[in-house]
Structures are given as structure tokens and as C-alpha cells.
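Single-structure report; data block below.
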Amino acid sequence: MNVHEFQAKEVFRRFGIPVPDGAVAETADQAERVAASLKVSPIVVKAQIHAGGRGKGRFKEHGPQGPGGVVLAKDPKEARAIAEKMLGKTLVTKQTGEHGRVVKKVYLTAGCDIARELYVAVVLDRKIKKPVVMVSQAGGVDIEEVAEKTPEKILKEAVDPLFSLAGFQARRLALFLGLKPGEQANEGAKLLKALVRAYMETDASLAEINPMIVSKDGKVMALDAKMNFDDNALERHPEILAYRDKNEEEPAETLAKELDLSYIALDGDIGCMVNGAGLAMATMDMIKYAGGAPANFLDVGGGATEQKVTEAFKIILSSPQVKAVLVNIFGGIMRCDVVAAGVIAAAKKLGLKVPVVVRLEGAKVQEGKKLLEESGLELEFASGLAEAAQKVVAASRGGK
């Protein structure tokens, strides 16, 4: 689960990580009041969406010459005017894609005199099966670009899950960041240790500060904040779950989550309904190999009911970008006749407007095929995955 910057900063404050003063607003009037309460100049007005690159983003309604998602205001009245231009508008960044996201909240925070911008993050390294603290003096830019072009500018330290970040590791990272030995480096090391605690104790999958700044008076603080959390651990953290913003989620993904389906929307035009994560990945690979692009990842699971299959198929068909659907089921725990009944129910309820290719194998396969053949639906059958992928790609292009 992702959270907004202002929410991540609330978590940071709980763990003693220094951040500039600030508060969130949902209207232009609120924004003016918050800006006045900060009693500073300048004030930074930040659009709150679940995506990075806001400062370089653009609003669809204002065009390329309009404000980005992070703008400086000299006083509360200007902060109000900026908030008015952001709220309810669609912000497009490198991470949102061209569809963008509608801004429903802005975060107003005190401006800082910045001497240096640094990068700090804690993330899970799956190769070594441990959290890793990653730092760089190249803050304020995409860390992926730094890693690709100048990897020597990044230092990583693995964290022992039982003992957290050791003092000597924190000091090594602080000095690598160019923090002055003594009080400044000690403050940096303290911040790093607090960030690791925040990551570990909230079951986060990412805790990132980009940039972490050194102010002109030598203070170290988190100017930005980004946190992602492990969905499987949210039961242990009701205070984190309360941060969930359904407005920032794909509606189909939200519905699928409520139905206990594994669904992720993608950019292609071929809908996929598969049972089993491995088979779903293989199905998407075969579609790509055949020259197409999947519109989604959907694993209905091994114990799906007819109703769940019906809802899953409805989710796929509800996407306007889907031009064809591939149903690829291997019946083990999942029975092919249950899948067939679900597909028929959804197709008849919604009206089947796109071609559907079906490949069934395994338990109750003959019964499943018979149900589909006698359903009156226009379906195309395939005996193997390669054939199914070729047929669905051709169908998505209007061919046979």
C-alpha cells in the first residue's frame, strides 16, 4: 500500500525524523489558512498524489506553461491561488502516464534554505534477504539514473533484521554523504537509524527521503518522504491502514482486492484470466512473444467459486482498452466447469463485445468445454498456450 507524502511525514515524526513544519489542505481556503499558520516565507505547495516526479509534472488543464506539482508561494494569498490551480486538476508525471491523477489534497510546508540535497532510502534486497540502506550525495534526482550512470555515487549497507542498523554503519553512511564529522554526522547517523526503525516497525517495503537536505545553517532533515507498506502486514498496523486512499487506486484493483483476487492493471489491450501466478506470468510472456500486450494480470486462484470467476471476468470486460480476452485455465484445485460457468454468467450479463479465446486443461475439462460450446457465446478454443496466444493477438487486431 502506498501513502501520501504528508502521511509518510507523520510516520517520520513518530520516529523522531526531523521534517519541516507543514499541514494538508483540501480546499483553497484551507490552504490559505494553513499557509498563514506556518508564519514563514516562502511556502511550498505540493500536490498530493501517489506518484513521484511531481515537481517536473504538468497539469492537463493548464498545459506545459502552467504550474507543476511543487510550487513556491511568497505569502498565504499566493499559496491559495496556487492551491486553486492544483485542486481538482489532473497532474501528469513520468510515473502516472498520460492519464495522470486528479489532485484532491495539497500539502503546504515551510520553505528551507538548502545547502545540499542528498538521497537516503531503506528497501528490501531480495538477493540477500535483508533490508538495505542506500545513500547517495546525488539527491533530488532519479536514483535509477544515478545507479545506471554513476554507481560509485551510491553506498549500501545491509541491515541485520535482529539488531537493526549498527552505529558504525550509520556513521559510515553519514560520512559517505559528506556530512561534517562531529555534530552534523552524528545527526545524520541518528536520522538513518530512525529511518530503519520506521521501516522495520511499520512493516514497510520502502522508506525513502529524496531529497534529504543539509540546510545553510547545517541542519539535516527530510525534505520529502515516501513510504510503501506490505499489504500482508496491514492487519498489524491499523494506524497505517487508515492512511489508505481509494481515490489513488485503480478502481478495478480496489474491487479485485475486496473480492480477494490478484489483479493488476497494465497498459496493453489483451485481457487475461488465469489461475495461478506462475501460469499468469507465462501467459503474459506468451502474449508478448506473439506480438501483443497484456491489459492486466489476473490470478483467480485455485479455490475460486463461480461467483468469483464471474466478477473477475466482469472486471476484465469493464476496461475500455481491452480488445480481446484470453482465458487460460489449468484445472487442478480449480475445476474447468466452474470457470466456464463464471465466464458464461459474466458474458451474458455484460454482453460480450470483444473476442474471447479459451484454453482449458485439467479437472472437469470436458464438462467445461461442453458448457462453453452450448452457451451460445462466440468463443474460440485453443489446445495449447502458444496457439492461444497467437489466436488472441490476431483477434485483438481484428483478424482470425
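Here the chain carries DSSP beta bridges of which approximately 75% are antiparallel, counting only pairs with both residues inside.
Close amide H partners of VAL356, meaning residues 5 or more places away or on another chain with modelled amide H under 5 Å apart, are VAL325, GLU380. By DSSP, the beta bridges lying fully in the range 251-396 are antiparallel in about 20 percent of cases. Positive end of the dipole of the chain (Cβ unit charges, origin at the Cα centre): among PHE6, VAL146, ALA282, the Cα lying farthest that way belongs to VAL146. From helices alone, the chain scores -10500 deg cm²/dmol at 222 nm; the rule is -39500 (n - 2.57) for each run of n ≥ 4 DSSP H residues, then divide by the residue total.
Annotation: amide H-H contacts under 5 Å for ALA363 (H modelled 1.01 Å from N, sequence separation of 5 or more, or interchain): GLY331, GLY332, CYS336. Taking the alpha-carbon centroid of each part, what is the distance from the range 289-322 to the range 106-131 in angstrom? If you average the Cα positions of each part, the centres end up 36 Å apart.
Taking amide hydrogens as placed 1.01 Å from N in the peptide plane, the amide H of ASP125 sits under 5 Å from those of LYS130, VAL132, each at least 5 positions away in sequence or on another chain.
Among the DSSP helices (H) of the chain, those spanning at least 20 angstrom by Cα along their long axis with an average Kyte-Doolittle hydropathy of 0.0 or more are 336-350; this is a geometric and hydropathy rule only.
For the chain, the Cβ-based charge dipole about the Cα centre amounts to some 640 debye (Lys, Arg positive; Asp, Glu negative; other atoms uncharged). What you get for the range 251-396, charging only the Cβ of Lys and Arg (+1) and of Asp and Glu (-1), is a dipole of about 160 debye around the Cα centre. Counted by Cβ distance under 11 Å from SER396, the other residues give a net charge of +2, where Lys and Arg count +1 and Asp and Glu count -1. If you take the alpha carbon atoms of the chain and fit the smallest convex hull around them, that volume is 165 Å³ per residue. How much net charge surrounds VAL358 when only other residues with a Cβ under 9 Å from its Cβ are counted (Lys, Arg +1; Asp, Glu -1)? Charge balance in the 9 Å sphere: +1. Taking a straight Cα-Cα cut-off under 19 Å and skipping sequence neighbours fewer than 8 places away in the same chain, the aspartates and glutamates within cross-link reach of LYS370 are GLU306, ASP337, GLU361, GLU378, GLU380.
Laboratory data are not the source of any read-out in this text; all were calculated from the coordinates shown. In this text the structure is predicted, and so the values were computed from the model without any measurement. Positions of Cβ are generated from backbone atoms using ideal geometry, with glycine treated the same way; all protein chains shown enter the neighbour counts.
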